Amino acid sequence: MPKRRVLLVDDEIAVLLTLKAVLEISGFDVDTAASAREAKSKLKSKQYEMVITDMRMESEVAGREVIVAARTADYHPAVALLTAFPVADEDWQDMGADKMLVKPMQTRSLIQSIEKLLESHQAKLKKLEKGGAAATLAAGFAAGMAAAKTTTPSPAPKKAAKAPAKSATVKKTATAKKTAKKATAVKAPAKKKAVKKK
């Protein structure tokens with residue numbers, strides 16, 4: 001069985017080299033790119049079964065550019081978004097990714113996720129080809145990616161700001177509970193004194 005070719009895109013060289021080694025040991029033929037520009041060039045010159053790209057590289061939308069390039073390639077590779085900053089399911093799916101991989105990830109989980117994605121993607125392509133929908137698939141990807149290209153990603157600080165708001169609510173609730181307990185504790189001795197007086 002020939003090795004499956006994967007394009008791995010990340011601007012962090014340590015991550016890039018580590019993932020490359022892990023994937024090669026697991027039987028993949030891996031090309032790397034350290035920027036969206038380099039990845040787009042490689043997507044045009046070679047064919048890949050899968051593209052795994054970081055989201056934030058030379059710009060906030062660099063990963064989106066790689067996904068668009070992969071989705072408009074005539075050989076239709078599977079696409080996974082690799083990120084340390086998870087986004088909502090509908091966001092990465094709207095970008096055109098098939099899967100979101102959150103780093104850091106255990107090696108076994110990473111390989112299982114990639115294998116599962118490749119299998120499901122190949123099955124989807126075969127099903128579409130049998131139905132004579134390869135041209136429709138390409139047109140759909142191109143139209144979807146053109147739409148995704150015009151949308152602006154939600155800024156990360158807003159998402160990060162939501163988490164402290166939730167913890168602030170938890171803190172308020174915990175403080176309210178503590179205050180209620182203190183009030184109960186203060187009232188309890190007062191009742192005992194009142195009982196003693198009678």
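No lab work stands behind these numbers, since they all come straight from the coordinates. Owing to the predicted nature of the structure, the values given are computational and were not obtained by experimental measurement. Cβ coordinates were reconstructed from backbone atoms using ideal geometry, including for glycine residues, and neighbour counts include every protein chain displayed.
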How much length is gained if the chain between residue 112 and residue 130 is pulled fully straight, taking 0.36 nm per residue apart and subtracting their Cα-Cα distance, in nm to one decimal? 3.8 nm
Considering amide H positions built from the backbone, and no H for Pro or chain starts, which residues 5 or more places from residue 82, or on another chain, come under 5 Å of its amide H? 53, 54, 55, 101
In whole Hz, what ³J(HN,Hα) sequence does the range 105-110 give by Karplus (6.51, -1.76, 1.60; θ = phi - 60°), x for Gly and Pro? 9, 5, 4, 4, 5, 4
Could you list which residues have their amide H under 5 Å from that of residue 30, counting only those 5 or more apart in sequence or on another chain, with H placed in the peptide plane? 6
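Give the calculated FRET efficiency between residue 123 and residue 3 to the nearest 0.05, with a Förster radius of 22 Å applied to their Cβ-Cβ distance.
Computed FRET efficiency for residue 123 and residue 3: 0.65.
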Place a label point 7 angstrom from the Cα of residue 85 along the Cα-to-Cβ direction, then list the residues of the range 24-59 whose backbone nitrogen is under 14 Å away. 54-59
